[in-house]
Each structure stands twice: as C-alpha cells, then as structure tokens.
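Visitor: Here it is, the structure, as structure tokens.
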Amino acid sequence: MWYALLLVAVVFFDQLSKILIAAVAGSAGNTPDGGVHICWVIDNFFEISYCENNEGMMGLFPEVSNIIFIVASIIILIGICVYLAVSKHRGKWVNVALMLVMGGAVGNLIDRIITEYVRDFIHIIIKIGGKEIFPYVFNVADIALVIGAIMLVIYILFIGKDAVFRRKKKDDDKTKTDDTKTAETTTNTTEAQK
C-alpha cells in the first residue's frame, strides 16, 4: 500500500497549490482571456495564470455539465478501486500509474464538488507562426492524470505481459526449441521404422 502515499501526495499538492494561487490571484492583473495573470516563470512561455474552469479538463468540453464530470470521475474511481481489489501481481509501474490517475481525479473532483469549477493556473504558451497552438490552462491534478494515463498506455503497448508490441523472444525461442525437438523425434522414429 506504499503507493497510496502517492495518491495522497498528488491530492495534497494539487489542493495546496490551488489554494495558494487563488489567494494570490486577487491582487494580480487580468489577462485578455478572463483569467488572472500572476507571474511569468519563463517570459512568453511559462505563465502562472489563475482561472476557474467549468468546461472539463483544460477547458476542452464546454458543453458538458459539471454533474457529468462528477459522476464520470466517481465511476472511474470506483472502477480503479475494484481493479485494485481484485487484481494480483500488477507491479510498481501500474500501481504508480493508477495512483497518479486517481490522485488527479480526486483533486479535480474536490474542486467540482466544493466550488462547481476546477481551479487551473499553469499555462504553457507554444506558438507557431505567431498563433498559440496550446491555449489551455491546467493544474497539478491534470498533470498527474495525463502522466498516469500515458504510463498506462505505455504499459498496455510495450511493457505488460500481454503488451501489443512486446517482443516475445523467450516464447519464440521456446517454440523453436519445441519444434526442433518434435522434428528430431519424428526423424528418429521414421529412421527406426526403416
């Protein structure tokens, strides 16, 4: 259960950062998109800008009701808890990935239940041809969710026992050895019959 500490740490740092940024936001200047500019960490690239998001992860789902996100989060959390209860031999990689997903989901769920919006403040500005291609503001919970999800995809595709792209060298070598033994046995049996 050591990995449960990771879940607690994600939720703690997510909520702490949101509380601190929201407290500072009252005295900072307004940004053109309606958020509150706090400071530049790296000029014109990494900005701390507080906004209250009721449109889903990084504002990607503007037409979806808050209650839908609450219900979906609870269903996902229950699903992960059931999986953790019934599965054996998951390994550290999967445990860490699931705790990151759960920590992120819980962090944003707390916001949605208490305030009916999610407090976002991390803004990475990437421009191509003068146009911003990633205009989203996010938070610690979103980072944990994305990293956990990427880890799960990597596990499913490359690491897991039944991974989609895993080289099955040991199994292939064993099959070749078994095929060779079968061929030798057949040859020996045929020669003995002659």
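Visitor: Let's test the formula: R0 of 30 Å, r as the Cβ-Cβ distance of VAL24 and GLU55. What FRET efficiency results, to the nearest 0.05?
Guide: 0.85
Visitor: I've got another one for you. PHE69 accessible area, nearest 10 Å², 1.4 Å probe?
Guide: So the heavy atoms of PHE69 present about 40 Å² to solvent.
Visitor: Please say if segment 44-116 is rounded, prolate or oblate, where rounded means a/c under 1.5 for a ≥ b ≥ c the square roots of the C-alpha gyration tensor eigenvalues, and otherwise the choice is prolate for a/b larger than b/c and oblate otherwise?
Guide: Numbers: a/c = 2.91, a/b = 1.58, b/c = 1.84.
Taking the square roots of the gyration eigenvalues as a ≥ b ≥ c, segment 44-116 is oblate.
Visitor: Multiply the residue separation of ALA85 and ALA163 by 0.36 nm, subtract the distance between their alpha-carbon atoms, and state the gained length in nm to one decimal. Walk me through the numbers before you get to the answer.
Guide: Numbers: separation 78, 0.36 × 78 = 28.08 nm, distance 2.21 nm.
The ALA85-ALA163 span can extend by a further 25.9 nm.
Visitor: Another question about this same structure. Would you mind giving the average projected area, over all directions, of the Cα convex hull of segment 99-147 in nm² with one decimal?
Guide: Details: hull surface 14.8 nm².
Average of the hull's projected areas for segment 99-147 equals 3.7 nm².
The values are calculated or read from the model by the stated rules, or taken from the named source; none is laboratory data. No experiment lies behind these values; they were computed from the predicted model shown. Don't worry about glycine lacking a Cβ; one is built from the backbone with ideal geometry, like all the others, and counts go over all protein chains shown. Surface areas here come from the heavy atoms of the whole protein model, side chains and all, with no ligands, DNA or RNA. Shrake-Rupley method; radii C 1.70, N 1.55, O 1.52, S 1.80 Å.
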